[in-house]
1. If S204 meets every condition in (1) surrounded by 19 or more Cβ atoms within 10 Å (Cβ to Cβ); (2) farther than 22 Å from M116 by Cβ; (3) at pLDDT below 95 apart from one, which number is that one?
2. Select from segment 38-48 the residues that are without any contact (Cβ under 8 Å) to a residue 24 or more places away in the chain and either under 20 Å from I89 (Cβ atoms) or among the aromatic types (F, W, Y) (or both) and list them in ascending order.
3. Restricting to segment 172-193, name every residue that is within 30 Å of E13 (Cα to Cα) and not in a strand (DSSP E or B).
4. Among the residues in segment 225-233, are any free of Cβ contacts under 8 Å to residues at least 12 places away in the same chain, of a type in the set (A, V, I, L, M) and either in contact with a Leu (Cβ under 6 Å, 6 or more places away or on another chain) or exposed (fewer than 15 other Cβ atoms within 10 Å of the Cβ) (or both)?
5. Scan segment 1-20 for residues that are in contact (Cβ under 8 Å) with a residue 12 or more places away in the chain, more than 24 Å from G41 (Cα to Cα) and outside any helix (DSSP H, G or I) and jot them down.
6. Assess whether I145 counts as being among the hydrophobic types (A, V, I, L, M, F, W, C), in a loop (DSSP other than H, G, I, E, B) and either out of contact with any Cys (no Cβ under 9 Å at 6 or more places or on another chain) or assigned by TED's automatic domain parsing to the domain that holds G194 (or both).
7. R72 - would you say it is part of a loop (DSSP other than H, G, I, E, B) and either surrounded by 14 or more Cβ atoms within 10 Å (Cβ to Cβ) or without any contact (Cβ under 8 Å) to a residue 12 or more places away in the chain (or both)?
8. Given the conditions (1) farther than 26 Å from V147 by Cβ; (2) in a helix (DSSP H, G or I); (3) at pLDDT below 85, and given that G43 satisfies all but one, which numbered condition is not satisfied?
Amino acid sequence: MQEVFNRYIDYLEAERNASPYTVRNYTTDLLDFFHSLSAKGIGSLKEVDKHTLRDYMAHLMEQGFVKASIARKLSAIRSFYRYLLREEILSTSPVATTFSPKLDKRLPPFLAMEEMLRLLEAPDLSTPQGQRDRALLELLYASGIRVSELVNLNVEQVNLDSREIRVLGKGSKERLVLMGQPAAMALSAYISQGRPKLLGKKGSSALFLNRYGERLPERRVQRILVKYANIAGIDKGVHPHMLRHTFATHLLDGGADLRVVQELLGHANLSSTQIYTHVTTSQARKVYLSAHPMAQKNKTDKLVTE
């Protein structure tokens with residue numbers, strides 16, 4: 001089982017070109033699954049059937065795992081079995097008749113406009129780190145890029161004149177993302193002033209650097225957001241993906257077409273973007289008052305007097 005697992009991980013990295021984040025999650029989830037098989041005395045994948053999987057899912061529920069986590073683990077197992085069928089290691093898959101738990105529909109968390117503005121104003125622009133952090137926050141909000149895409153950006157991918165950035169997204173798919181003038185100005189200041197001070201005598205093409213002149217890691221970006229959320233007095237669990245949610249929500253609230261948002265986010269399927277089709281209460285009220293013929297007081301009064 002261990003040998004097959006190692007080959008599968010190599011397949012994910014080499015042929016599927018899966019991200020390190022995906023490989024890490026699949027590794028953790030599959031090892032947990034294998035551990036549960038071992039605990040039941042199952043030593044071969046051929047012994048696993050649909051009842052084994054259902055028992056495993058029931059065990060996860062008893063352990064307090066939420067539906068989304070269980071669905072993710074089952075997705076990893078399903079992918080593994082697809083590989084086993086592809087390599088003709090097995091002829092049937094017990095996952096084929098096992099369904100993921102129905103997930104509760106939850107709106108993605110996002111920041112209100114005034115919260116976002118407070119967050120952007122939080123960094124101290126008198127320091128190289130502050131200039132970097134302001135540019136980082138502006139870019140996350142202006143473009144909606146993933147944190148993995150952000151930290152892997154190189155200077156040559158940024159075009160400040162056209163306010164465009166070439167981003168390498170999931171599956172090594174390249175796309176063009178846009179940014180507004182505030183983000184371009186923040187990036188320009190950081191590249192010309194803050195970045196050279198962080199870089200020092202080191203040679204690196206990475207856009208965002210840490211204080212040692214090396215590429216900024218993802219975990220550091222998370223800590224940066226928490227720091228400035230506290231400074232801005234934002235009582236929410238702010239994280240990089242929340243700024244991606246905020247980007248999409250504010251675009252749709254402003255009247256952007258769903259397919260345009262899909263392209264900017266780099267979603268392969270429109271269904272992935274449709275989670276953002278919620279609107280804020282204030283926006284819903286604004287649209288209602290401007291669009292419904294009986295919602296405007298002066299029109300209603302006119303009809304009554306007539």
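1. (1)
2. Within segment 38-48, the subset without any contact (Cβ under 8 Å) to a residue 24 or more places away in the chain is 38-42, 47.
Hits for segment 38-48 are S38, I42, E47.
3. Within segment 172-193, S172, K173 qualify.
4. No, the conditions are met nowhere in segment 225-233.
5. Those that are in contact (Cβ under 8 Å) with a residue 12 or more places away in the chain, more than 24 Å from G41 (Cα to Cα) and outside any helix (DSSP H, G or I): N17, S19.
6. Numbers: among the hydrophobic types (A, V, I, L, M, F, W, C): yes; in a loop (DSSP other than H, G, I, E, B): yes; either out of contact with any Cys (no Cβ under 9 Å at 6 or more places or on another chain) or assigned by TED's automatic domain parsing to the domain that holds G194 (or both): yes.
Answer is yes for this residue.
7. No; evaluated as a whole, the condition is false for this residue.
8. Of (1) farther than 26 Å from V147 by Cβ; (2) in a helix (DSSP H, G or I); (3) at pLDDT below 85, only one is false for G43: (2).
The values are calculated or read from the model by the stated rules, or taken from the named source; none is laboratory data. Please read these numbers as outputs of a predicted model, since none were measured by experiment. With ideal geometry, Cβ positions are generated from the backbone for all residues, glycine too; neighbour counts draw on all protein chains shown.
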